[in-house]
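What follows is a set of notes on a single structure, which appears directly below.
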Amino acid sequence: MITANLSAIFYLVSGVLFILALRGLSSPETSRKGNFFGILGMIIAVTVTFLSIGNFSSGFIYVLIFILVGGSIGAFIAYKIPMTAMPELVAGFHSLVGLAAVFVAISAFLNPEAFNLGNPGNIKLGSLIEMSIGAAVGAITFSGSVIAFLKLQGIMSGSPITFKGQHALNAIILISIFVIIYLLCSTQSSNLFWILLAVSFLIGFLLIIPIGGADMPVVISMLNSYSGWAAAGIGFTLENTALIITGALVGSSGAILSYIMCKGMNRSFFNVILGGFGATDDKTKNASKEQRPVKSGNADDAAFLMKNASSVIIVPGYGMAVAQAQHALREMVDTLKKNDIKVSYAIHPVAGRMPGHMNVLLAEANVPYDEVFELEEINNDFANADVAFVIGANDVTNPVAKTDPQSPIYGMPVLDVEKCKSVLFVKRSLSPGYAGIDNDLFYKENTLMLFADAKKMTEEITKNL
Amino acid sequence: MEIDPLIFRLSIFILSIFVGYYVVWSVTPSLHTPLMSVTNAISSVIIVGAIIAGLSGNSDAVFNTSSIFGFLAIALAAINIFGGFLVTQRMLAMYKKKKKEKK
């Protein structure tokens with residue numbers, strides 16, 4: 001058994017190691033060391049907890065068994081998961097953090113003596129407040145992440161589910177959560193604690209259903225943030241520095257990512273949260289759909305254009321992930337490079353279903369990360385490039401965002417693809433993207449549409465090169 | 001008058017938010033997915049609370065309602081810790097620089 005002071009110092013050490021873990025991610029070179037710091041911090045935190053309890057009775061064996069069972073499931077998932085499914089995985093993991101926070105809060109509520117928080121029915125006021133906030137946020141994280149997971153998996157439709165009075169209902173439920181916490185603290189009634197959990201599960205569910213599939217990057221980042229605040233709430237209850245530091249780190253990390261994603265779509269956070277985007281009524285959509293001429297081509301034409309180019313910029317989007325075309329794409333690029341053609345990749349902040357999704361997929365396909373550029377870094381290069389190869393992206397290239405103030409995506413930062421000498425657009429059909437609007441780029445003189453599955457088309461182009 | 005320890009914890013919390021703010025802004029956008037998976041893993045340090053909860057029973061009766069929730073939380077957090085760190089490692093291993101010898 002070690003003293004409370006000593007263990008507090010060790011918890012602080014593991015908190016600092018977690019900060020270093022995030023700090024490492026500032027560049028790919030230092031990132032692997034950062035991950036190691038994170039693992040070290042976790043080992044220290046767990047070991048110190050065992051030592052400070054000092055109870056190596058039969059219960060200890062069970063703890064190890066549960067860690068082993070959970071650990072092997074986690075390790076198995078980590079090795080099996082395809083990189084295209086990272087958004088689902090992260091959403092799923094968020095739900096587990098949320099549920100774990102709820103379980104710890106329940107356990108602390110039922111047996112406060114074990115945590116030094118008082119007796120059942122007479123829990124210290126501060127602890128009870130912290131505990132209920134942790135439990136409520138944890139429950140919201142859990143049910144919200146489950147919905148996000150189902151939507152990403154396609155088990156649930158990605159289209160927003162809205163109904164009349166939705167916002168009013170949500171507002172009432174949110175207010176009632178505060179009322180319940182207040183009543184819980186003044187009565188210590190266990191019934192209220194269960195009601196609080198039930199209502200929090202409900203609101204997590206209601207908050208996420210109106211948000212459309214294309215807004216998933218924001219939702220995942222937001223839930224990331226929530227899972228952090230839930231952990232921090234439990235950290236206050238347990239008076240544990242490692243948890244408080246981590247909770248704050250994760251909470252602000254998720255908040256920043258949500259901000260970056262919202263900015264990438266030129267939408268306010270509340271606009272995304274209140275949902276319903278992408279559900280623009282179909283009537284207007286169909287009415288404005290005039291027949292405009294489109295130039296379409298085949299793999300041969302595309303190969304010819306690229307062979308004669310001296311620089312090519314690739315613009316990948318979620319469609320590339322769906323078609324699993326990243327490997328085929330890299331093979332095509334290898335062939336281009338052999339012909340002394342300069343190739344770079346342009347990534348829009350909201351390409352894919354989560355922040356940085358495209359970068360991971362390209363890295364998986366062995367694309368060196370120093371050939372991959374963010375929007376601000378590469379946007380000026382389009383004017384000097386010969387060919388832009390758009391694969392699976394749509395709205396993020398739409399010039400309407402710069403020209404038409406009436407457009408729902410007006411003001412959104414877009415890639416200046418149309419400035420290229422010629423544009424190759426791989427797409428299955430002319431259907432609009434998630435914003436539900438036509439892409440002007442389709443009808444430009446210098447655009448050649450390649451109607452096909454992204455992977456098949458890329459493979460064919462490689463053959464023709 | 002003595003300062004309530006809660007204030008100290010609150011100070012740590014607030015300062016950590018600021019540390020988090022600056023550290024996360026320095027993360028390169030290409031590593032945002034690993035950032036999410038690693039924050040997932042480290043927020044599972046909540047396992048600390050789960051272990052205390054799991055070991056709250058006495059040696060005659062390891063399992064009671066409270067400790068069962070603790071054990072379940074241990075399993076959930078462990079999935080996240082192992083899954084989160086390993087998948088992060090798997091992703092980070094894929095980020096490679098351009099090979100010098102090849103064009």
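The values are calculated or read from the model by the stated rules, or taken from the named source; none is laboratory data. The structure presented is a predicted model; accordingly, all values stated were derived computationally and were not measured. Note: ideal-geometry Cβ built from the backbone for every residue, glycine included; neighbour counts use all protein chains shown. For the accessible areas, the whole protein counts, side chains as well, though only heavy atoms, and no ligand, DNA or RNA atoms are used. Shrake-Rupley method; radii C 1.70, N 1.55, O 1.52, S 1.80 Å.
If you keep only loop residues by DSSP, which chymotrypsin sites (Phe, Trp or Tyr not before Pro) in the stretch B:1-47 have at most 11 other Cβ atoms within 10 Å of their Cβ?
none
Amide H neighbours of A:Phe389 under 5 Å, at least 5 residues apart or on other chains, H built in the peptide plane: list them.
A:Ile313, A:Ile314, A:Val315, A:Leu424
Just checking the output field for A:360-371: average partner chain Cβ neighbours within 10 Å of each residue's Cβ?
Neighbouring Cβ atoms belonging to other protein chains average 5 per residue here.
How much area per residue is accessible in the protein assembly as shown when the probe is 1.4 Å and only protein heavy atoms are counted (Å²)?
41 Å²
Give me the compactness ratio for the stretch A:347-465, meaning the Cα radius of gyration over 2.2 N^0.38 Å.
Working it through for the stretch A:347-465, the quotient is 1.05.
Which value in Å does the Kirkwood hydrodynamic radius of chain A take, with 1/r averaged over all unlike C-alpha pairs and then inverted?
24.5 Å
In the protein assembly as shown, what percentage of the DSSP-assigned beta bridges are antiparallel, given to the nearest 5?
Once the DSSP bridges in the protein assembly as shown are tallied, antiparallel ones form about 10 percent.
Using only Cα atoms, tell me the angle between helix A:454-464 and the longest principal axis of chain A; keep it within 0 to 90° and round to the nearest 10.
40 degrees
State, in square angstrom and to the nearest 100, the accessible area buried between chains B and A, both chains counted, probe radius 1.4 Å.
Between B and A, the summed buried area is about 8300 Å².
Which residues of the stretch A:256-270 show a drop of at least 50 Å² in accessible area when all protein chains are present, compared with their chain alone (probe radius 1.4 Å, heavy atoms only, ligands and nucleic acids excluded)?
The answer is A:Ile256, A:Leu257 - residues whose exposure falls by at least 50 Å² when every protein chain is included.
Counting pairs of Cα atoms in the stretch A:412-465, how many percent are more than 13 Å apart?
66 percent
Could you work out the pair-distance distribution P(r) of the stretch A:83-189 from its alpha-carbon pairs, with 5 angstrom bin width and percents rounded to whole numbers?
Over the stretch A:83-189, the share of Cα pairs per 5 Å bin runs 2, 12, 16, 17, 16, 14, 10, 7, 5, 1 percent.
For the stretch A:106-169, just the Cα atoms, rotate onto the principal axes and tell me the three extents in Å, largest first.
47, 28, 14
First obtain the Kirkwood hydrodynamic radius of the stretch A:118-261 from its Cα pairs, then insert it into the Stokes-Einstein equation at 25 °C and 0.890 mPa s, and state the resulting D in µm² per second as a whole number.
Answer, rounded: 154 µm²/s.
How much of the calculated P(r) for the stretch A:282-404 lies past 17 Å, in percent of all Cα pairs?
Here the long-distance tail beyond 17 Å is 61 percent of all Cα pairs in the stretch A:282-404.
Projected area of the stretch A:1-105, taken from the Cα convex hull and averaged over every viewing direction, in nm²?
Averaged projected area of the stretch A:1-105's Cα convex hull equals 8.1 nm².
Are any of the pairs A:Lys463/B:Lys98; A:Lys80/A:Lys307; A:Lys427/B:Lys96; A:Lys419/A:Lys463; A:Lys263/A:Lys456 more than 31 Å apart by Cα-Cα distance, and if so, which?
Correct reply: A:Lys80/A:Lys307; A:Lys263/A:Lys456.
Would you work out if the stretch A:168-220 is rounded, prolate or oblate? Take a ≥ b ≥ c from the square roots of the eigenvalues of the alpha-carbon gyration tensor; rounded if a/c is under 1.5, else prolate when a/b is larger than b/c, oblate otherwise.
Cα axes put the stretch A:168-220 in the prolate bin.
Given C-alpha coordinates of chain B, what is the ratio Rg to Rh with the Kirkwood estimate of Rh?
1.17
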